[in-house]
Amino acid sequence: MNIPVSFQATLTEATIMFDKTLDGDVARLLASTGKTLSIAETVTGGLLATRLTQAEDSRAYFLGGIVCESVLIQLRLCHVSVATLKQYGAASVHTAKEMAKGVRDLMKSDMAIAVVGSVESPSSDTHVGTVYMALVNQSSLERAEARQVVGDRDTIRHQCVQTALFVLRQWLDMDVQSIYEQKKEITLDE
């Protein structure tokens, strides 16, 4: 599939985002850290879960996901507050953060990522192609960001998945580097 690079990002980032090794990198990094992952997704409709389960050993690190096509599911399963939905809407960085924390707590995973946005709803407060992602871990460290993606429904959904995998790989790379540095310090202290 030929997906045009048509979102706001640097050329280097765009090149990385369409790298076919993202799935493998994320799988390898999750396996090497022993961390578990859960997800909540709206705009991607289950595509992120599909990509994360491509590796044979994905059960070792991927606990599961929730596709939240309904605001009721965001409320009931991901524990997004009514106040957040009223103030910011179903597609916002605030909603993504609460969804990530909610699915992490529900599935008792080490980390969680949530992806929300708008692919076609002109009645929404969010512009079509605006995507929000949040990544949280057990320490409540979080990363959240908004992206603008241009294209038709499928293009937006696939670019969202690529972006989520890219963000996840960056986070895991930092985690692996931190573990390496801690081991290096212990070795030097001995």
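The values are calculated or read from the model by the stated rules, or taken from the named source; none is laboratory data. Predicted model only: the values in this text are computed from it and were never measured. Don't worry about glycine lacking a Cβ; one is built from the backbone with ideal geometry, like all the others, and counts go over all protein chains shown. These accessible areas exclude ligands, DNA and RNA; they are computed on the full protein's heavy atoms, side chains included. Shrake-Rupley method; radii C 1.70, N 1.55, O 1.52, S 1.80 Å.
What is the sum of charges, Lys and Arg at +1 and Asp and Glu at -1, for the other residues whose Cβ falls under 9 Å from the Cβ of residue 45?
Combined, the nearby Lys, Arg, Asp and Glu give -1.
Report ³J(HN,Hα) in whole Hz for each residue of the stretch 150-156, in order, from the Karplus equation J = 6.51 cos²θ - 1.76 cosθ + 1.60 where θ = phi - 60°; Gly and Pro get x.
10, x, 7, 3, 5, 4, 4
Could you compute the net charge surrounding residue 81? Neighbours are other residues with a C-beta less than 14 Å from the C-beta of residue 81; K and R count +1, D and E count -1.
+2
What figure, in Å² to the nearest 10, do you get for the accessible area of residue 97 with a 1.4 Å probe and non-protein molecules left out?
Using a 1.4 Å probe on the heavy atoms, I get roughly 60 Å².
List the residues whose amide H sits under 5 Å from the amide H of residue 66, counting only those 5 or more places along or on another chain, with H placed 1.01 Å from N in the peptide plane.
Close amide H contacts, sequence-distant or interchain: 39, 40, 41.
Report the label-to-label distance for residue 72 and residue 138 in nanometres (one decimal), using points 7 Å from each Cα along the Cα→Cβ vector.
Result: 3.4 nm between the two label points.
With θ taken as phi - 60° and the coefficients 6.51, -1.76 and 1.60, list the Karplus ³J(HN,Hα) couplings across the stretch 82-97 in order, rounded to whole Hz; mark glycine and proline as x.
4, 4, 5, 5, 5, 6, 10, x, 6, 10, 7, 5, 5, 5, 4, 4
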